[in-house]
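**Q** Here's a structure for you.
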Amino acid sequence: MPARIEDYAMIGDCETAALVSKGGSIDWLCLPRFDSPACFSALLGTVENGHWSITPAKPYSSQRSYVEDTLVLETLFTTETGTAAILDFMPPRDGSSNLVRIVEGRHGHVDFDIDLVMRFGYGRNVPWVSHGEAGRLTAVAGPDRLTLQSPVELKGQDFHSKATVTVSSGERLPFTLTHSASHEEAPTARDPEAALQQTVFFWREFVSRCPPVNSYTPIVKRSLITLKAMTYLPTGGIVAAVTTSLPEKIGGLRNWDYRYCWLRDATMTLMAFMNLGYLDEAQAWREWLMRAVAGTPEQMQIMYGVAGERHLPEWEADWLEGYENSRPVRIGNAAAGQFQLDVYGEVADALAQALRLGLPPHPRTRAISRVLLSFLETAWRKPDEGIWEVRSGPAHFTHSKIMAWVAFDRAARLAKDAGGDIDGARRWRSIANEIHADVCRNGYDEEIGSFVQAYGSKVLDASLLQIPLVGFLPPDDPRVVSTVEAIEHRLVQNGLVLRYETDLSDDGLPGGEGAFLVCSFWLCDALVLMGRYADAKRLYEKLTALCNDVGLLSEEYDPVDARMLGNFPQAFSHIGLISTALNLARSEGPAEERSQKDEKEDVG
Ligand SMILES: OC[C@H]1O[C@H](O[C@H]2O[C@H](CO)[C@@H](O)[C@H](O)[C@H]2O)[C@H](O)[C@@H](O)[C@@H]1O
């Protein structure tokens, strides 16, 4: 049985990532990319689906943390006979992908059991394992090869590779697992100690550019490192999470594959990077975006593979029993074929912000924006699947229309700022005004005194918290105030915000889910704008207390059973953590910048 979600920590090399449990077991690793088939899938099944544990042979307690300002994980094991630590990390690539584990004796001695079970193809393919000289072990199946280099000789037993080893004070035992294509020559093993220095240097250099954010600096830095680890360095793409199918409800079927690049999640990540001054990452992402969306706007997808791939068919790995029996385990994501209107607004907003924050204009941005806006001119009237990617068919989601307004609003501002394109500015502003009126007429329900999930519906939705955040209406507008209050009243469970009322609306899926964490951060942001600082701070502190011992958040949290749910770690949640910290810490935070007054009267 896998560990609880919060008992995992992530290590990664900005091309893929692994999850390590508190007990020293690596239960998830896809190679060579985030979205490649996993070779360790115990997270979604059993150890027979692949894992690599190095665990004390006798009863132990463990404590862990990242080595300061890095993604090097240190797990300290204490047993009756002594203490020993494991340093787990994935060094920046030098052509091949390496997972390094250094076992270090600290006091007395500790006996460790090592169990390496390699199963390619998401836990199904048993490789041919051969034992070479000096602790070298090679596993091959189909296109993949794993090579383990270590001073310890592992022995084959029931398709596991095993050893028991004693580590004494002052001793260091390095293990390096290298992935390569099976048809190529195996790469020479990397020096693990030098790799450790390079990894520490890489992360420290990256995080040294993070500005102080009051008392929130340590958690902001941790989130920044987490987001960076979810960027695919070769292309600039950003994944929504490094896992698939961690359930939104234990035993439920809301299990999805997040190892792809959603324009929505990625643009929000980009905003977090930019707001902390990380313009290089923003630039890399914008280049990625320009390549990914190239083509006709009708063909623009809401998500892509990390290199911009469009074909992400969804299928089920039926040999995996699922996390705590939460089936199915899905690979790929059918949401890739959905029409989600809000994405245009998110992209427009991020590109406008990029220019405002000093990113030099991209030669193709304007052309692409023009084509997308012409498409959106008629498309905004169509129903869509919305930010929550419902599987019940399209509807006129209020949030989607608001984000279509954002697209035209930002375009009008840019046209005006970019040297007097008065005609363009007029045209975009008049469409923005039309959408604005449409939303205020159809998206607000007088009877319940709140904006609602979709035109004509009575259901509340946390995405409506974006209304003041994107500047659609000012935070003191009575309709905004009453919407925020209605959400606080109806969507907050044990202090955390649910996405919407799953029991009142048909999203095409049975069963409920936990509280979607980014929504609680949005509530904090709205409260800041409304001047309710004490309430915002209280909620923020509650949220940051949900981070696990190494500062990571999943997508959702079960407000009743008090445990993490959903894919892990999730970019959305860490974006929320960073952005709300900035809003609380700065008198003029990102929420206030984004929500600059509507310019309805400006161009006429
Ligand atoms: O709720 C059903 C949908 O859930 C997933 O989407 C969610 O995650 C996305 C990535 O973080 C996010 O962009 C979206 O807003 C969330 O609703 C899943 O990926 C979808 O396939 C599924 O329909």
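No lab work stands behind these numbers, since they all come straight from the coordinates. What you are looking at is a predicted structure, and each value in this text was computed from that prediction instead of being measured. Quick reminder, even Gly has a Cβ in these numbers, built from the backbone with ideal geometry, and neighbours come from all protein chains shown.
**Q** Need one number: nm distance between label points at Ser208 and Arg356, each 7 Å from Cα along Cα→Cβ, rounded to one decimal.
**A** 3.1
**Q** Report the Cα centroid-to-centroid distance between segment 119-156 and segment 1-68 in angstrom, as an integer.
**A** Measuring centre to centre over Cα atoms gives 18 Å.
**Q** Report the one residue of Pro474, Ala335, Ala42 whose Cα lies farthest in the direction of the positive end of the charge dipole of the chain (charges on C-beta: Lys and Arg +1, Asp and Glu -1; origin at the Cα centre).
**A** After comparing all options, I get Pro474.
**Q** Go ahead and collect, in residue order, the members of segment 423-449 whose backbone nitrogen is under 15 Å from a label point 7 Å along the Cα-Cβ direction of Asp503.
**A** none
**Q** How many nm separate the modelled label positions at Asp561 and Glu324, each set 7 Å beyond the Cα in the direction of the Cβ?
**A** Each label point lies 7 Å from its Cα, and together they span 0.3 nm.
**Q** Give the Rg/Rh ratio for segment 466-539, taking Rg as the radius of gyration of the Cα atoms and Rh as the Kirkwood radius, to two decimals. Before the final figure, lay out the partial values.
**A** On the way: Rg = 13.0 Å, Rh = 13.0 Å.
Using only Cα positions, Rg/Rh for segment 466-539 is 1.00.
**Q** Most exposed first by the Cβ proxy, i.e. fewest other Cβ within 10 Å, how do Arg586, Arg101, Arg286 rank? Write down the numbers at each step before the final one.
**A** Working: Arg586 15, Arg101 25, Arg286 22.
Ascending number of Cβ neighbours within 10 Å: Arg586, Arg286, Arg101.
**Q** With a point put 7 Å past each Cα toward its Cβ, work out how far Gln197 is from Gln299 in nm, to one decimal.
**A** Here the answer is 4.9 nm between the modelled labels.
**Q** Moving on. Exceeding 27 Å between C-alpha atoms, which entries from my cross-link table qualify? They are Lys401/Lys458; Lys22/Lys155; Lys22/Lys249; Lys382/Lys458; Lys228/Lys416. List each step's numbers first, then the result.
**A** Working: Lys401/Lys458 17 Å; Lys22/Lys155 25 Å; Lys22/Lys249 22 Å; Lys382/Lys458 20 Å; Lys228/Lys416 34 Å.
Pairs exceeding the cut-off: Lys228/Lys416.
**Q** For Met271, Met118, Met530, what's the fewest-to-most ordering of other Cβ within 10 Å of each Cβ? List each step's numbers first, then the result.
**A** Details: Met271 23, Met118 26, Met530 18.
Arranged by neighbour count, lowest to highest, Met271, Met118, Met530 become Met530, Met271, Met118.
**Q** How much length would be gained if the chain were fully extended between His131 and Arg426, taking 0.36 nm per residue of separation minus their Cα-Cα distance, in nm to one decimal? Provide the component values of the computation, followed by the final result.
**A** Values: separation 295, 0.36 × 295 = 106.20 nm, distance 7.17 nm.
Length gained, His131 through Arg426: 99.0 nm.
**Q** Which FRET efficiency value, to the nearest 0.05, is calculated for Glu185 and Trp315 with the Förster distance at 30 angstrom and r the Cβ-Cβ distance?
**A** 0.35
**Q** Continuing with the same structure: List the residues, sorted by chain then number, that are 5 or more residues from Met530 or on another chain and whose placed amide H is less than 5 Å from its amide H.
**A** When sequence neighbours closer than 5 places are left aside, there are no close amide H contacts.
**Q** Could you work out the mean projected area of the convex hull around the alpha carbons of segment 5-202, in square nanometres to one decimal?
**A** For segment 5-202, the mean projected area of the Cα convex hull comes to 10.3 nm².
**Q** Roughly how compact is segment 199-265, stated as its Cα Rg over 2.2 N^0.38 Å to two decimals?
**A** On the way: Rg = 15.1 Å, N = 67, 2.2 N^0.38 = 10.9 Å.
That ratio works out to 1.39.
**Q** Right, here's the next one. Separation of segment 262-331 and segment 170-189 by C-alpha centroid, Å?
**A** What the calculation gives is 30 Å, centre to centre.
**Q** Starting from 0.36 nm per residue, how many nanometres of slack lie between Ser169 and Ser215 once their C-alpha separation is accounted for?
**A** 12.9 nm
**Q** Provide Rg over Rh for the chain; use the alpha carbon set for both Rg and the Kirkwood Rh (inverse mean inverse pair distance).
**A** Working: Rg = 24.6 Å, Rh = 24.9 Å.
A ratio of 0.99.
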